Amino acid sequence: MLLEQLQIPLPVLTALGREDFFVSESNAMAVALIEGWENWPSRKMVLNGPAGSGKTHMAHVWANLSGAQIIAAQDLTSDAVQADIPALAAGNICVENVDQIAGNLAAEEPLFHLHNLVLEQGHSLMMTGAAAPNLWPLALPDLKSRVMAAQSAALSGPDDMLLSALLVKLFSDRQIVPASDVIPYLLRQMPRSYGYARIIVDRLDRASLTRTAGVSRPLAIQILADLEKETSDAKNS
């Protein structure tokens, strides 16, 4: 009990700088396009990839490079944000998760106006989404055509090199130093998924709070077994 009381979880400090983003074959093209943003055709780009693939990280990298603001597409339904579109269009801007507002005219119409104003004033626009832009079921034909005219890049599933770097970063964000054999073991055993990596690190973090050994291989074996059982039980329920 005393050990549990003494083990206080530390805050998660997510590193979002360019130096914190590891480049491998699975994301090299996207990184190159972000770094060369001043050469985007028509001054706009779409970045897509699965949850946890680094879209938000790259949005912040681009914001740091270009001085852009970042807003969530769903915030475009807000009256206050809609009234502020001329101010938002006064500089470079990134709109995240555009695919999540597809079919919602209350958000699509403000995005259409924002898109036009940003480009008319000579600034650049970045949009992100999970799926490829041709799969976004946008209801406004004019918006869809403008999105499809943007240069696009995808963040694909992680290779071993990228997954290893992601695990290192996720542990570092939580101020955790795992045992030296933990990450090699996880790379051999875990599914190739950004989201799964985040779940595993979160589970290991919480479970290690009551263990003097910290994040060890035996703990990793246990957590992976627990996750596999939960997945199996969910499929059979």
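The values are calculated or read from the model by the stated rules, or taken from the named source; none is laboratory data. Predicted model, so just to flag it, every value in this text is computed and none were measured. No Cβ is skipped: glycine too gets one built from the backbone with ideal geometry, and neighbour counts run over all protein chains shown. Heads up: the accessible areas ignore ligands, DNA and RNA and are worked out on the full protein's heavy atoms, side chains in. Shrake-Rupley method; radii C 1.70, N 1.55, O 1.52, S 1.80 Å.
Counting protein heavy atoms only, region 157-237 has 54 percent of its accessible area on carbon and sulfur, 1.4 angstrom probe. Scanning residues 5 or more positions from residue 127 or on other chains, those with amide H under 5 Å from its amide H are 45, 46, 47, 95, with H placed 1.01 Å from N in the peptide plane. Based on Cα contacts under 8 Å between residues 6+ apart, region 73-225 shows a relative contact order of 18 percent. Heavy atoms of the protein chains alone define the surface here; on that basis the chain has 50 Å² accessible area per residue at 1.4 Å probe size. If the segment from residue 84 to residue 227 were pulled out straight at 0.36 nm per residue, it would be longer than the present Cα-Cα gap by 47.0 nm.
Using the Cβ-Cβ distance between residue 74 and residue 121 with R0 set to 41 Å, the FRET efficiency works out to roughly 0.95. Straightening the chain between residue 236 and residue 176 buys 18.1 nm, computed as 0.36 nm per residue apart minus the Cα-Cα spacing.
Ordered by 1.4 Å accessible area with all protein chains kept, 172, 164 run largest first as 172, 164.
In region 34-129, the portion of solvent-accessible area held by carbon and sulfur atoms comes to 46 percent [1.4 Å probe, whole percent, DNA, RNA and ligands not counted]. Sorted from longest to shortest, the spans of the Cα atoms of region 83-237 along the three principal axes equal 58, 37, 28 Å. In this view, the solvent-accessible surface of residue 228, computed with a 1.4 Å probe and all protein chains in place, comes to about 110 Å². With θ taken as phi - 60° and the Karplus curve 6.51 cos²θ - 1.76 cosθ + 1.60 applied, the whole-hertz 3J(HN,Hα) list for region 54-61 is x, 4, 5, 4, 5, 4, 6, 4 Hz, x standing for glycine and proline. The H on the amide N of residue 70, modeled in the peptide plane, is under 5 Å from the matching H of 94, each at least 5 residues off or on a different chain. A crude spin-label estimate for the pair residue 199 and residue 40, with each label 7 Å from Cα along the Cβ direction, gives 3.3 nm. If R0 equals 45 Å, the separation of the Cβ atoms of residue 106 and residue 211 corresponds to a calculated FRET efficiency of about 0.35.
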